[in-house]
1. Quick one: in the stretch 379-394, which of the residues that are among the small types (G, A, S) and free of Cβ contacts under 8 Å to residues at least 24 places away in the same chain is surrounded by the fewest Cβ atoms within 10 Å (Cβ to Cβ)?
2. Contact list please: Cβ distance under 6 Å, first residue in the stretch 111-127 and of a type in the set (G, A, S), second residue part of a helix (DSSP H, G or I), pairs at least six apart or on different chains.
3. When you look at P546, is it without any contact (Cβ under 8 Å) to a residue 40 or more places away in the chain, under 30 Å from P429 (Cα atoms), surrounded by 15 or more Cβ atoms within 10 Å (Cβ to Cβ) and not aliphatic (A, V, I, L, M), yes or no?
4. Under 32 Å from the mean Cα position of the chain (by Cα), open to solvent by 30 Å² or more (accessible area, probe 1.4 Å) and among the basic types (K, R), is that true of R503?
5. Restricting to helices (runs of 4 or more DSSP H) lying wholly in the stretch 253-364: which have 3 or more residues that are closer than 28 Å to E399 by Cα?
6. Counting just the residues of the stretch 369-387 that are among the hydrophobic types (A, V, I, L, M, F, W, C) and touching a strand residue (DSSP E or B) at 6+ places or on another chain (Cβ under 8 Å), which one comes out nearest to A299 (Cα to Cα)?
7. Out of the residues in the stretch 388-424 meeting the condition of being more than 27 Å from Q90 (Cα to Cα) and of a type in the set (A, V, I, L, M, F, W, C), tell me which one is nearest to the chain's Cα centre (by Cα).
8. Restricting to the stretch 559-593, what's the tally of residues that are open to solvent by 60 Å² or more (accessible area, probe 1.4 Å), acidic (D, E) and modelled with pLDDT under 95?
Amino acid sequence: MNSDKPFRQSLIRWGAALGLLILLPLAAAAIEPVTPKIADALQLPPPGSVIFRGRLGTAIALCETNRLLAQNVPDLIAPFANRQEDWSWQCEFWGKWYTSLALAYRYQPGPQLRAILDESARKLVATQAADGSITTYKPAAEFSNWDTWGRKYTLLGLLADYDLSGDPQVLAAAGRHADVVLAHFGPGRADLATNGWWNGMAASSILEPMVLLYRRTGDARYLQFAEYIVQSWQNPGGADLLRKALNGTPVFQMFPGPDPTKEGYMAGGSSKAYEMMSCYEGLLELYRATGKTDYLTAARNVFASIRDTEITIIGSGSSWERWCQGRTRQAAAMPYWMETCVTTYWLKLAAQLLRITGDPAYADQIEVTTYNALLGAQKNDGSWWCHYSPLQGARETAEDQCGMHLDCCVANGPRGLLLLPELAVMNSPAGPVINFYEPATATLPLAQGPVRLEIESDYPRSGAVDVVVRPETAARFTLRLRIPAWSVVTRVEINGRRQSDIRPGAYARLERKWQPGDRVRIAFDFAARLIPDPGGSDAVALRRGPVVLALDRRLSPATPDAGLGRINADARGVVPITEARVALPTGMAMAWDVPFTTGADKQATLRFCDYA
């Protein structure tokens with residue numbers, strides 16, 4: 001989605017009704033895309049390069065068919081034509097849906113998706129007001145409440161369309177839409193840092209598409225506005241996100257206030273997790289554009305703070321959608337636990353840092369989030385998502401918001417899910433980089449010619465993975481394999497010959513002259529391990545590889561004294577589990593029998609399934 005070159009060129013799509021756009025100064029000849037000052041360490045693969053064939057592939061196919069393509073598109077566009085809103089967030093839904101569908105098109109391009117993307121973009125731009133605004137808000141209510149936040153998502157959607165089509169009229173519409181924002185905010189005008197909700201963080205998150213618009217147009221005004229946003233955070237009442245992050249302030253303490261887990265929603269603290277991470281994702285785009293290292297340092301500090309103080313065993317966080325020191329409170333009864341929007345933006349923030357730094361620690365976090373919190377939030381048929389994901393109890397479907405027959409998390413979940421193929425197998429100047437071991441095929445361009453990688457596995461049920469390497473002709477390059485930090489002992493072989501220097505939490509670097517049909521075999525350490533409660537209680541979690549295991553009453557009946565007993569483990573915390581070969585309810589991927597000593601000191605077995 002952040003490529004600086006259009007995916008493909010198309011004919012000008014707009015009819016006579018949109019002829020006004022042709023008169024604008026942002027004509028095709030004037031567009032001068034800007035190369036980022038900072039090149040990513042890992043590059044996204046070309047569209048259509050990576051195809052999943054396992055559990056994630058099934059989840060994506062269901063999401064595309066039953067959620068994205070089933071969406072009533074006129075319902076998303078009508079609020080922009082009617083402009084009756086003055087307080088809610090109808091304004092975000094088209095952009096979220098469109099960017100999800102654009103990712104689906106990048107994953108598997110096809111004429112049906114292309115037609116829907118073209119038509120919906122054309123109809124949205126037809127709602128553009130004479131001054132350039134594309135909004136659901138009444139003229140008298142513009143830039144109040146969630147309006148600036150919604151303009152962010154509209155701008156992201158238009159830029160996604162331009163990246164796919166290369167249509168200069170779409171870029172012109174995006175520029176006019178952004179220019180209204182520039183005319184409203186800035187020195188001597190309205191203060192963006194205090195606009196809207198959550199200490200201006202919702203409005204400030206328009207930082208990301210402003211930088212992307214600068215990179216696509218070369219118009220320095222958008223870069224200057226992005227820098228203004230960051231500077232305005234220090235204004236009285238502003239979020240002060242850069243200084244706090246550079247000083248190492250924990251995210252929960254960035255906005256002191258009542259504990260959101262003890263107060264009602266509106267009385268809680270202001271450390272709103274989703275909006276905050278969206279601002280730091282924009283800061284990373286600004287780092288790419290400017291090379292200012294403080295921006296990268298701030299984002300890395302915040303990521304580390306969230307990981308170390310907020311993210312739970314399943315790879316998400318937040319209570320009442322706010323940071324709450326959740327890592328040490330996992331054994332407590334937390335209200336409204338782990339919003340799916342937070343799950344998606346945690347994954348997106350990790351993805352940005354993975355691309356920029358090439359550090360596999362970020363991919364480790366994405367993997368745990370994916371196989372637990374993210375997959376667990378999607379309904380089995382892909383048609384809907386839950387809003388919250390508790391560690392205990394039931395996950396319930398999200399409710400309708402804003403009269404849109406949608407929910408913010410139902411719109412956001414697909415954005416995280418459909419980002420995964422672009423992260424699974426990436427590229428670098430030295431050669432391909434495999435981050436995830438979902439069965440898949442990937443074809444990547446190298447200087448020596450294309451190489452096809454065939455990943456054969458039933459990961460993460462099994463820790464055995466084969467990668468067949470098929471360059472067109474023999475070629476020398478480095479194949480990097482992510483060795484997860486949880487895999488204590490990993491065996492890697494090339495054509496039966498064991499490789500050395502394989503370390504957990506690092507990339508294995510296999511540099512050689514590859515022949516078509518060379519086979520890499522990986523055996524991960526899938527021992528099940530007890531994870532102590534970071535909060536210090538006597539509660540434990542059980543994890544096997546990246547998958548957190550959970551008791552489910554459909555598989556394991558209630559044990560009266562289970563809370564008084566213990567799971568049998570050795571001194572290293574390793575539990576000798578065995579796979580349960582039983583028929584599984586719909587949605588379960590695996591089941592494991594776990595040895596257990598009851599409170600009465602009797603041996604028993606508990607049957608666990610995957611959390612998702």
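The values are calculated or read from the model by the stated rules, or taken from the named source; none is laboratory data. All values reported here derive from a predicted model rather than from experimental measurement. Cβ placement follows ideal geometry from the backbone for every residue including glycine, while neighbour counts extend to all protein chains displayed. Note: areas computed on protein heavy atoms with side chains; ligands, DNA, RNA excluded. Shrake-Rupley method; radii C 1.70, N 1.55, O 1.52, S 1.80 Å.
1. A394
2. The qualifying pairs are S120/V73; A121/D161.
3. Details: without any contact (Cβ under 8 Å) to a residue 40 or more places away in the chain: no; under 30 Å from P429 (Cα atoms): yes; surrounded by 15 or more Cβ atoms within 10 Å (Cβ to Cβ): yes; not aliphatic (A, V, I, L, M): yes.
In short, no.
4. yes
5. 273-290, 340-357
6. Here is the first cut: in the stretch 369-387, the ones among the hydrophobic types (A, V, I, L, M, F, W, C) are 373-375, 377, 384-386.
If we keep only those that are touching a strand residue (DSSP E or B) at 6+ places or on another chain (Cβ under 8 Å) as well, we get 377, 384-386.
Numbers: A377: 26, W384: 31, W385: 28, C386: 28 Å.
The selected residue is A377.
7. Of everything passing the filter in the stretch 388-424, L423 is nearest to the chain's Cα centre (by Cα).
8. Looking only at that region, the number is 0.
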